Each structure stands twice: as C-alpha cells, then as structure tokens.
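S.K.: This structure is in structure tokens; I'll ask about it shortly.
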Amino acid sequence: MNSVGIRWVVLVLVLSVGEIVNAPAAPASIATLAGTGASGYSGDPGAAVRAQLGNPYGIVRGPDRALYLCEVDNHVIRRIAADGTISTVAGTGKRGYAGDGGAATNALLNEPYEIRFDASGNMLFVEMKNHLIRRVNAKTGVISTIAGDGQPGFSGDGGPASKARFNQPHSIQLDAQGNVFICDIGNHRLRRIDARTGAISTFAGTGAKLPTPDGAKFAEAPLHGPRAIDFDRNGNLWLALREGNAVFKLDLTAGTIHHIAGTGKKGFTGNGGPAKVATLSGPKGLSIGPNGNVYLADTESHSIRMIDVKRATLELIAGTGLVGDGPDGDPMRCKMARPHGVFVDADGSVLVGDSEAHRVRIIRR
C-alpha cells in the first residue's frame, strides 16, 4: 500500500473511533422484572415475570446478588435469583406473628416493609403492623425478633431493643459499624439499636409533628413522618419525610440536619429545577446511587424522582404523575401505581417496587 492509501486508512479509523466516542448514549428504558400486573401469590419456583405479586414494597440486592422484595399483601419476602427464578424465603402467605426459633419459611409475618442485610449476610426486615424488626440467620434460615415486643407504643429507650415498643416502623438501615437505624413513623422519631450492646435509643426527632428547622441539632428537631433512610458514602444519613413532603440530610459528625428538597407542601412540581423549591408527594422510598445522587419513590405522584446532589436539582426519572400500569419502554411514559420501594444497584440501574401495579420494574439509564 502506498503512502496515500495508508493515510486514507488512518483517516477512516480516526473517524470511526470518533463516531464511537461521540455516539449518543442509549436512551433510558424501563422493564418488568417480576409480576404480571395481577395481584396474587403464585409462581414459586418459576420465572418471576410470570409470578403474581401482592403489593411489593421494599427491594434490595442481597450479598448473594439475588433481589429480595417485601410483599405487603402476601406477608412474605421473596427472592429473585440471577436466572430470574422467584421463591419465598420468609413467611407463609398468612398474616400473623409466629415462628420465632424456627424456619423463616414457616413463620407468620404482618406486612413486611423493608429489608437490609448485615455484614454477616443475615437478613433484617421491618414488619410495620407487628411493630417490630426480625432477623433471618444467613446460615440456618432461622427467624427471630431483634426489636419490638409486637405491640404499638413508644417505650424502651436505654434498654434492650427486644423489649422496646415502636409505632408502625417502616424503613431500616445499618451503618458501617452495624448499628441499626429505624424510621419509627407513628412516634415521629429515628431510633437506633447499638450493635455492641443491643440497647435502643432515640437518635433524632422529638415526637412532635412539626416542621423541621434547617440546620438544627437533629436530636432536638421534630420530624413529621420519617419514612425512608439511607447512608451515603460519606456517612451522612438521608431522610425522606412522608407527611413532611421533604428530604433532609443528617450530618452525623456535626449532629445537624439540613433541608435538601421539597417545600413541605404536597405536589408534583419543580422537575428540572432547584430541589428545595420543588414539591413532593408522600415519598416513601429512598436510595443513594453510586454517584451520590438520591433517588425517591415519590409514592403519591406515582413516580421515581432524583436529587442531583451536585446541581441541587430535582429530576424526574420515571412516571407521568398519573396512576397506571406501564407500558414498559420509555420511563417517562410508563405509568406506575403508588411505588414504595426503590433501590439503586451498583451499575446505576434503578429497581422499583411498583406497589399497586404488583410489579417489580428496572430502569436502565
């Protein structure tokens, strides 16, 4: 090949590489991972997309890389394996409170809401209507109660968590030391179980149903409807207030709480603009993405929204603001029905418990 030919080959290669580098990113998409859209309890063991779900709420990726989801109507926790097979790992499908000391699959649950895993792989979850937190041993599959006595109330601070009382606990999260944090909705408090001693205490909130002052000491600040929590990589605790229609960040080093999003009024406004002046509509799920952005299941607006932390804006990720069921494809055209669960995976995919559509969906961006 002569020099002119070589130059043409080099030019073509450069242009081709440039086209690849500058190629537009693939558009975001949403798809169903589990559920047929009909409420029910069927499909074990089989393909999750052909199974019936009953009001899926919290969802999380387990240490085994399977997905785990709470089904409120069925009073069970189910597992979706990497091959898409669904099975039940806790609960029988009947409502109740029984089974501690035995296999989790034989236990009775009452509206499990959210799941987390500790450093040993044990599964912890909240049962809202039983007012407690239970644990399934990773090695034995045995279930036990670690906090709450099964009765609603507010008591026990300073003593063993197993003897404390909660009032409709919802969200649960663990910090790097293994301490357990719980949104105690009816008591308008965040509570904390010490990993070393097992003692419970009030971590934030006074019990008053009042607006939260920006910059206040969170131990002395009111929290109106603390519903969902997650930790970011810097150890800050993010909190969504359902009744307060706002998102706050708790600086655990300074002991202060800071307003990040939502005016406190209920609504579905402000997408693409400053997060602080946007309106939210009953957020009940919150998850921090790998890039630090904060994703919300904005339940009463039937949407998934995101706080862009660097730009301090609120963005719409999926949903139209109207209740419905799909269609899959374009996230901005996919209607949802009061989603409660949201979890951002390591690759940035967003998993959604689309509750009253009785589906689990995945948003790939």
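The values are calculated or read from the model by the stated rules, or taken from the named source; none is laboratory data. In this text, all values refer to a predicted model and were calculated from it rather than measured experimentally. We place every Cβ from the backbone using ideal geometry, glycine too, and count neighbours over all the protein chains shown. Accessible surface areas use protein heavy atoms only, side chains included; no ligands, DNA or RNA. Shrake-Rupley method; radii C 1.70, N 1.55, O 1.52, S 1.80 Å.
S.K.: Could you order the peptides 296-304, 182-190, 230-238 from most to least packed, using the average number of other C-beta atoms within 10 Å per residue?
M.R.: Details: 296-304: 26.9, 182-190: 24.9, 230-238: 16.4.
With the highest mean Cβ count within 10 Å placed first, the list reads 296-304, 182-190, 230-238.
S.K.: Now, a different point. To the nearest 10 degrees, how steep is helix 3-21 against the longest Cα principal axis of the chain, on a 0 to 90 scale?
M.R.: 30
S.K.: Okay, next question. Please give the length that would be gained between residue 31 and residue 100 if that part of the chain were fully extended, namely 0.36 nm times their separation in residues minus their C-alpha to C-alpha distance (nm, one decimal). Spell out each step's value before the answer.
M.R.: Values: separation 69, 0.36 × 69 = 24.84 nm, distance 3.69 nm.
21.2 nm is the gain from fully extending residue 31 to residue 100.
S.K.: Ok, one more. Compute the relative contact order of the stretch 95-214 as a whole-number percentage, counting only Cα pairs closer than 8 Å that sit 6 or more residues apart in sequence. Intermediate results must be reported in sequence, preceding the final value.
M.R.: Values: 300 pairs, mean separation 20.4, N = 120.
This gives 17 percent for the stretch 95-214.
S.K.: Taking the Cα centroid of the stretch 261-278 and of the stretch 230-252, what is the distance between the two, rounded to the nearest whole Å?
M.R.: After rounding, the separation between the Cα centres reads 16 Å.
S.K.: Quick check on my link table: of 129/276; 276/310; 94/335, which ones sit more than 25 Å apart, alpha carbon to alpha carbon? Spell out each step's value before the answer.
M.R.: On the way: 129/276 33 Å; 276/310 13 Å; 94/335 30 Å.
Cα-Cα > 25 Å for 129/276; 94/335; rest within.
S.K.: Here is a further query. Quick one: what are the phi-derived ³J(HN,Hα) couplings along the stretch 240-250, Karplus 6.51/-1.76/1.60 with θ = phi - 60°, whole Hz, x for glycine and proline?
M.R.: Once θ is set to phi - 60°, the couplings for the stretch 240-250 become 9, 9, 5, 5, x, 6, 7, 10, 10, 10, 9 Hz.
S.K.: If you don't mind, another one. Taking H as built 1.01 Å from N, whose amide H comes closer than 5 Å to the amide H of residue 207, not counting residues under 5 places away?
M.R.: 223
S.K.: Given Cβ point charges of +1 (Lys, Arg) and -1 (Asp, Glu) and nothing else, what value in debye, to the nearest 20, does the dipole of the stretch 224-365 about its Cα centre take? Can you show the working numbers first?
M.R.: Values: 18 positive and 15 negative charges, 52 e Å.
So the dipole magnitude of the stretch 224-365 works out to roughly 240 debye.
S.K.: In Å², what does the accessible area per residue of the stretch 110-225 work out to with a 1.4 Å probe? Let's see the in-between values first.
M.R.: Numbers: 4580 Å² over 116 residues.
Averaged over the residues of the stretch 110-225, the accessible area is 39 Å².
S.K.: Another question, then. Each label point is 7 Å from the Cα along the Cα-to-Cβ direction; what then is the distance between the points at residue 146 and residue 206, in nm?
M.R.: Between residue 146 and residue 206, the label points sit 3.2 nm apart.
S.K.: Karplus couplings for the stretch 39-52 from phi (6.51 cos²θ - 1.76 cosθ + 1.60, θ = phi - 60°), rounded to Hz, Gly and Pro as x?
M.R.: Running phi through 6.51 cos²θ - 1.76 cosθ + 1.60 with θ = phi - 60° gives 5, x, 9, 7, x, 6, x, x, 5, 4, 5, 9, 8, 9 Hz.
S.K.: What is the distance, in nm, between label points placed 7 Å from the Cα along the Cα-to-Cβ direction at residue 155 and at residue 333?
M.R.: Rounded to a tenth, the inter-label distance reads 5.7 nm.
S.K.: Would you mind getting the accessible area per residue of the stretch 249-346, heavy atoms of the protein chains only, 1.4 Å probe, in Å²? Provide the component values of the computation, followed by the final result.
M.R.: On the way: 3670 Å² over 98 residues.
For the stretch 249-346, the per-residue accessible area is 37 Å².
S.K.: Once you sort the root eigenvalues of the Cα gyration tensor of the chain as a ≥ b ≥ c, which label holds: rounded (a/c under 1.5), prolate (a/b larger than b/c) or oblate (the other case)? Intermediate results must be reported in sequence, preceding the final value.
M.R.: Numbers: a/c = 1.85, a/b = 1.41, b/c = 1.32.
Prolate is the answer for the chain, as a/c is 1.5 or above and a/b outweighs b/c.
S.K.: What's the carbon and sulfur percent of the stretch 65-214's accessible surface, probe 1.4 angstrom, rounded to a whole number?
M.R.: On the way: 2780 of 5880 Å².
The C+S portion of the solvent-accessible surface of the stretch 65-214 is 47 percent.
S.K.: Related question: For the stretch 154-162, in order, what is each residue's ³J(HN,Hα) by Karplus, 6.51 cos²θ - 1.76 cosθ + 1.60 with θ = phi - 60°, in whole Hz (x at glycine and Pro)?
M.R.: Per-residue couplings from phi come out as 9, 6, x, 4, x, x, x, 4, 5 Hz.
S.K.: What are the residues whose amide H is under 5 Å from the amide H of residue 46, where those residues sit 5 or more places off or on another chain and H is modelled from the backbone?
M.R.: Under 5 Å from the amide H of residue 46: 86.
S.K.: Follow-up. Report the label-to-label distance for residue 176 and residue 216 in nanometres (one decimal), using points 7 Å from each Cα along the Cα→Cβ vector.
M.R.: About 2.9 nm, to one decimal.
S.K.: Next question. Skipping prolines and chain starts, which residues have an amide H placed within reach, meaning under 5 Å, of the one on residue 75, given they are 5 or more residues away or on another chain?
M.R.: 111
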